[in-house]
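*Asks:* Okay, here's the structure, questions in a sec.
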Amino acid sequence: MSVFTLSQAEREKHLLPQLAELTAHHRENSEGYERVLSSLGIARDAEFASIADLPWLPVRMFKTHDLRSIPESEIFKTLTSSGTTGAGASRIYLDKDAAGAQTKQLGATLQEILGNERLPMLMVDTIGIIKNRRSFSARGAGVLGMANFGRKHTYVLDENDQPDVEAVKTFLATYGDKPFLIFGFTFMVWQYLYEVAREHRLDLSNGILVHSGGWKKLIDRAVDNTEFRRRFKGDTGLTRIHNYYGMIEQIGTVFLEGPSGNSLYCPDFADVVIRDPETWEEQPVGEPGVIEVVSTLPRSYPGHVLLTEDLGVCNGIDDGDWPGKHFSVLGRLPKAEARGCSDTFQGAAA
């Protein structure tokens, strides 16, 4: 069953009551969250006319505060993000129900492009990334999470992080004549799969590529999303390419690139709001702003309405591959601005 079915009007109607209920639930069960909302003057019986009216938390707060809506005894899994911004790592607390829900909904989202079968899988990484569980990085967690959706896993890199061309050739000889799954982080997919496939004239035409992780390193090489897709198609035959946008602070929710490329879509249990960084009002279609991500999944911690530190733009509403808003990520907010977004809240939750 598809999770890309709701028009924007249907999504508002369907999600708003659930999100308002989640806001009340988190106020009741998370002391830190209640303090933030009270300090912002949001009454407990406040009513919200739209998704954009719901109060948001800056994603950075999960790096500086322990925010959870479950008792310590019910913590089943604690996830930590990579602390790349120097503000430490986010800590996300899941109980058993939350852990089950996020896996189920991630699976439902990816089923849209992968179908019901687990496909043979080419991992554009080294098996070493998941071997050392003690220093488990966000990259390792991403690789392990995606591995669930494939079978017969083959790693493109050897233990020394060098392309294992023979392993890739063997995989393609065995499975390449039917659909297979490829997963990796965008820069690594380009450097270790595209460049190797082009050099060795490998046929990836039956592949379905799922990739994520930002374009910064590739933009330095003059490769944007359009060029990435064009070159993969021309040089390897690969046309089914889906970028996705997601974060550990809203685990289980991914915004998936549609078949036409260049736009990310919201599954039916999520939405996006692009905000003006000066006024915090919602931006019209075509006007860049700060990305807010909304999801009904976070119940064990107050992560249902989060202001990210990314810039994006809404490209259209109900006029793309799938219904609802579709958007692009333009890059990270400058550090000072990102800090400014969250400074207002830090005192409130102290």
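*Asks:* Quick one: the Cα spread of the range 104-244 along its three principal axes, in angstroms, biggest first?
*Replies:* In descending order, the Cα extents are 37, 32, 29 Å.
*Asks:* First select every other residue whose beta carbon is under 12 angstrom from the beta carbon of Gly150; then total the charges, Lys and Arg +1, Asp and Glu -1.
*Replies:* +2
*Asks:* Residue by residue through the range 232-244, what is 3J(HN,Hα) from phi via Karplus (6.51 cos²θ - 1.76 cosθ + 1.60, θ = phi - 60°)? Round to whole Hz and write x for glycine and proline.
*Replies:* Each residue of the range 232-244 in turn: 4, 5, x, 9, 10, x, 7, 10, 8, 10, 10, 6, 9 Hz.
*Asks:* ³J(HN,Hα) across the range 268-276 via Karplus (A = 6.51, B = -1.76, C = 1.60, θ = phi - 60°), whole Hz, x for Gly/Pro?
*Replies:* Values, residue by residue: 5, 9, 9, 7, 9, 10, 9, 10, 5 Hz.
*Asks:* Once you have a ≥ b ≥ c as the square roots of the Cα gyration tensor eigenvalues for the range 219-267, tell me rounded if a/c is under 1.5, and otherwise prolate or oblate according to whether a/b is larger than b/c.
*Replies:* Prolate.
*Asks:* Keeping all protein chains in place, calculate the accessible area per residue for the chain (probe 1.4 angstrom), answer in Å².
*Replies:* For the chain, the per-residue accessible area is 45 Å².
*Asks:* In addition: Just need the relative contact order of the chain here, percent rounded to a whole number, with Cα pairs under 8 Å and 6+ apart.
*Replies:* 20
*Asks:* How much net charge surrounds Ala167 when only the other residues with a Cβ under 15 Å from the Cβ of Ala167 are counted, with Lys and Arg +1 and Asp and Glu -1?
*Replies:* Residues close to Ala167 contribute a combined charge of -4.
*Asks:* May I pose another question? For the residue pair Asn160 and Glu281, what label-to-label distance in nm results when each label sits 7 Å from Cα along the Cα-to-beta-carbon direction?
*Replies:* For the pair Asn160/Glu281, the computed spacing is 6.0 nm.
*Asks:* Counting only protein heavy atoms and using a 1.4 Å probe, what share of the accessible area of the range 223-299 belongs to carbon plus sulfur, as a whole percent?
*Replies:* Roughly 47 percent of what the probe reaches on the range 223-299 is carbon or sulfur.
*Asks:* Sticking with this structure for a sec: For the chain, what does the helix formula give at 222 nm: sum of -39500 (n - 2.57) over DSSP H segments with n ≥ 4, over the residue count, nearest 500 deg cm²/dmol?
*Replies:* -10000 deg cm²/dmol
*Asks:* Shifting gears a bit: From the square roots a ≥ b ≥ c of the eigenvalues of the alpha-carbon gyration tensor of the chain, which class results: rounded (a/c under 1.5), prolate (a/b over b/c), or oblate?
*Replies:* Here the chain falls in the prolate category.
*Asks:* Would you tally the net charge around Gly331, using a Cβ to Cβ cut-off of less than 9 Å, leaving Gly331 out, and scoring K and R as +1, D and E as -1?
*Replies:* +1
*Asks:* In whole Hz and in residue order, list the ³J(HN,Hα) couplings for the range 14-25 that follow from phi through the Karplus curve 6.51 cos²θ - 1.76 cosθ + 1.60, θ = phi - 60°; x for Gly and Pro.
*Replies:* Listing the rounded values in order: 6, 8, 4, x, 5, 6, 5, 5, 5, 4, 5, 4 Hz.
The values are calculated or read from the model by the stated rules, or taken from the named source; none is laboratory data. What you are looking at is a predicted structure, and each value in this text was computed from that prediction instead of being measured. Virtual Cβ from ideal backbone geometry, glycine too; neighbours counted across all protein chains shown. Each accessible area value is taken on the protein alone, full model and side chains, heavy atoms only, with ligands, DNA and RNA left out. Shrake-Rupley method; radii C 1.70, N 1.55, O 1.52, S 1.80 Å.
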